[in-house]
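**Student:** Have a look at this one.
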Ligand code: NAD
Ligand code: ZN
């Protein structure tokens with residue numbers, strides 16, 4: 001089969017002909033139809049310090065996908081050939097303290113497809129059946145293929161109290177954009193979105209933000225819509241240090257800061273003034289809650305109040321990986337996906 005492989009310790013991906021995966025008794029084989037490209041793939045493509053420390057070539061890249069089941073292992077009872085599915089890409093041990101207390105999203109033994117084992121930028125992928133998530137008939141493979149980053153946004157937003165809330169979203173990359181649509185559907189009273197990129201601010205409006213602002217206007221707009229208090233909830237979705245400080249500055253006293261964005265290096269925080277005396281609650285987001293986030297996502301999609309499709313702006317075949325990575329790096333894209341079959 002065709003697959004995008006990280007085949008050596010250096011920049012780039014190689015499109016290769018590799019053997020189709022064989023499945024174990026508890027696994028299913030999925031024919032990949034759509035796969036999302038994300039910042040993690042860019043890190044692996046560029047072979048930056050994080051990728052060098054984490055990944056062991058050769059492996060097939062990619063962790064966001066949807067497709068059809070073509071084969072099931074002998075022990076699999078709840079997935080059938082022909083099922084339309086996506087999957088949770090974090091494979092956990094299922095037996096540790098975290099897994100057994102409903103916190104599998106922070107399982108210390110997590111292996112991520114396309115990072116720690118073979119991923120989905122390929123015609124087929126083998127997945128444990130426990131990780132498979134069925135798609136409703138009316139959910140397209142496009143939307144199925146972006147459940148992973150959408151799930152990050154659901155997890156970040158819905159672990160705060162959104163109904164009636166004033167919300168600031170710092171960073172309108174694909175995940176911030178999904179989060180805006182989710183907050184809208186969940187009944188936020190005011191959604192203020194900030195970014196430095198005009199293309200992304202335009203998408204933020206399209207997803208339902210009431211105000212779209214450049215970071216240097218955010219304080220004025222937040223104060224105007226919150227009687228000078230600050231917002232109830234900030235969703236920090238940029239990972240940029242100045243935006244993180246702004247999140248602490250513009251959340252109201254006693255408010256919530258939901259932190260998804262990952263800074264590229266350690267940053268200094270004045271805990272006394274930015275956190276403690278403001279009495280705020282900070283929530284660190286890892287992946288998606290298994291499987292609460294997935295149920296929430298499916299139900300929001302069923303309600304039809306949340307439509308993620310405007311975020312998908314670019315599509316490429318698997319043999320245009322360089323172009324796909326370039327589209328992400330240009331900042332002109334929303335979500336970039338591969339159309340594989
Ligand atoms: P992205 O990099 O496309 O989006 C970040 C956005 O922030 C960009 O649009 C950028 O223009 C904007 N930005 C830059 N400076 C800003 C500022 N000062 N104020 C406001 N916005 C600013 O990324 P994405 O794919 O949407 O992911 C968002 C973040 O979440 C990234 O940091 C990513 O690494 C992280 N992430 C975390 C998890 C997790 O489980 N915690 C999972 C996936 C991604
Ligand atoms: Zn575990």
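**Student:** May I ask you to derive the FRET efficiency for residue 265 and residue 339 from their Cβ-Cβ distance with R0 = 30 Å, giving the value to the nearest 0.05?
**Tutor:** It comes out at approximately 0.25.
**Student:** In addition: If I stretch the segment between residue 197 and residue 111 completely, what's the gain in nm (0.36 nm per residue apart, minus their alpha carbon distance), one decimal?
**Tutor:** Gain on extension, residue 197 to residue 111, equals 27.6 nm.
**Student:** Could you tell me whether the stretch 1-146 comes out rounded, prolate or oblate from its Cα gyration tensor? Rule is a ≥ b ≥ c as square roots of the eigenvalues, rounded for a/c under 1.5, then prolate if a/b exceeds b/c, otherwise oblate.
**Tutor:** In terms of gyration-tensor shape, oblate.
**Student:** If I fit a long axis through the Cα atoms of helix 215-225 and take the longest principal axis of the Cα atoms of the chain, what angle between them do I get, 0 to 90°, rounded to 10?
**Tutor:** 60
**Student:** Which shape class, rounded, prolate or oblate, goes with the stretch 22-101 when its Cα gyration tensor gives a ≥ b ≥ c as root eigenvalues, a/c under 1.5 marks rounded, and past that a/b bigger than b/c marks prolate?
**Tutor:** Oblate.
**Student:** Still on this model: Given points 7 Å out from each Cα along the Cα-Cβ axis, report the residue 46 to residue 103 separation in nanometres with one decimal.
**Tutor:** Between residue 46 and residue 103, the label points sit 3.2 nm apart.
**Student:** Another question about this same structure. Percent antiparallel among DSSP beta bridges with both residues in the stretch 151-284, to the nearest 5?
**Tutor:** 0
**Student:** Counting other C-beta atoms within 10 Å, which of 166, 22 has the fewest, and how do the rest follow?
**Tutor:** 22, 166
**Student:** In whole angstrom, how far apart do the alpha carbon centroids of the stretch 145-161 and the stretch 164-219 sit?
**Tutor:** Each part's Cα centre sits 15 Å from the other's.
**Student:** Continuing with this model, one more query. Counting DSSP beta bridges with both partners in the stretch 248-338, what percentage is antiparallel, nearest 5?
**Tutor:** In the stretch 248-338, DSSP labels about 0 percent of beta bridges as antiparallel.
**Student:** If I take R0 = 41 Å and measure r between the Cβ atoms of residue 245 and residue 137 in this structure, what FRET efficiency does the formula 1/(1 + (r/R0)^6) give, to the nearest 0.05?
**Tutor:** The formula returns an efficiency of 0.35 here.
**Student:** Please report the antiparallel percentage of the DSSP beta bridges confined to the chain, to the nearest 5.
**Tutor:** Just about 55 percent of them are antiparallel.
**Student:** Of the candidates 86, 77, 40, which one comes out as most mobile in a Gaussian network treatment of the chain with C-alpha springs shorter than 10 Å?
**Tutor:** Among 86, 77, 40, the largest GNM mean-square fluctuation belongs to 77.
**Student:** Can I get the semi-axes of the chain's equivalent ellipsoid? Compute them from the C-alpha gyration tensor as square roots of 5 times the eigenvalues, in angstrom, largest first.
**Tutor:** Rounded to whole Å, the semi-axes are 34, 21, 20.
**Student:** Computed FRET efficiency, Cβ-Cβ of residue 214 and residue 309, R0 25 Å: what is it to the nearest 0.05?
**Tutor:** For R0 = 25 Å, the calculated efficiency reads 0.45.
**Student:** If contacts are Cα pairs under 8 angstrom and at least 6 residues apart, what is the relative contact order of the chain in percent?
**Tutor:** Reported relative contact order: 18 percent.
**Student:** Here is a follow-up. Given a 10 angstrom Cα cut-off, can you work out which residue in 307, 118, 137 is the most mobile in a GNM of the chain?
**Tutor:** 137
**Student:** Something else about it: Measure nothing fancy, just the Cα-based angle from helix 147-158's long axis to the longest principal axis of the chain, in degrees from 0 to 90, nearest 10.
**Tutor:** Long axis of 147-158 versus the principal axis of the chain: about 30 degrees.
**Student:** Could you tell me the distance between the Cα centroids of the stretch 70-133 and the stretch 314-338, to the nearest Å?
**Tutor:** 26
**Student:** Separate question: Of the candidates 195, 322, 78, which one comes out as most mobile in a Gaussian network treatment of the chain with C-alpha springs shorter than 10 Å?
**Tutor:** Looking only at 195, 322, 78, the biggest GNM fluctuation is shown by 78.
**Student:** Using only helices, what value at 222 nm comes out for the chain when you add -39,500 (n - 2.57) per DSSP H run of length 4 or more and divide by the total residues, to the nearest 500 deg cm²/dmol?
**Tutor:** Counting only the DSSP helices, I get -8000 deg cm²/dmol.
**Student:** Moving to a separate point now. Let me check against my output: what whole-number percent is the relative contact order of the stretch 256-316, with C-alpha pairs under 8 Å and at least 6 apart?
**Tutor:** Reported as a whole number, the value is 36 percent.
**Student:** Could I have the simple spin-label model distance between residue 229 and residue 26, label points 7 Å from Cα toward Cβ, reported in nm to one decimal?
**Tutor:** Calculated label separation equals 4.8 nm.
**Student:** If you don't mind, another one. By the gyration tensor of its Cα atoms, with a ≥ b ≥ c the square roots of the eigenvalues, what is the shape of the stretch 151-284: rounded for a/c under 1.5, prolate for a/b over b/c, or oblate?
**Tutor:** Rounded is the answer for the stretch 151-284, as its axis ratio a/c remains below 1.5.
**Student:** For Cα pairs less than 8 Å apart in space and 6+ apart in sequence, what is the mean separation divided by the residue count of the stretch 151-284, i.e. the relative contact order in percent?
**Tutor:** Relative contact order for the stretch 151-284 comes out at 23 percent.
**Student:** Report, to the nearest 10°, how far helix 241-250 tilts away from the longest principal axis of the Cα atoms in the chain, using its own Cα long axis and a range of 0 to 90°.
**Tutor:** 50
**Student:** Using the basic label-point model (7 angstrom from Cα toward the beta carbon), what is the residue 96 to residue 189 distance in nanometres?
**Tutor:** 4.1
FYI, it's all coordinate maths here, none of it is from the lab. Values in this document were obtained by computation on a predicted structure and should not be read as measured data. In this analysis, Cβ positions are derived from the backbone assuming ideal geometry, glycine residues included, and neighbour counts consider all displayed protein chains.
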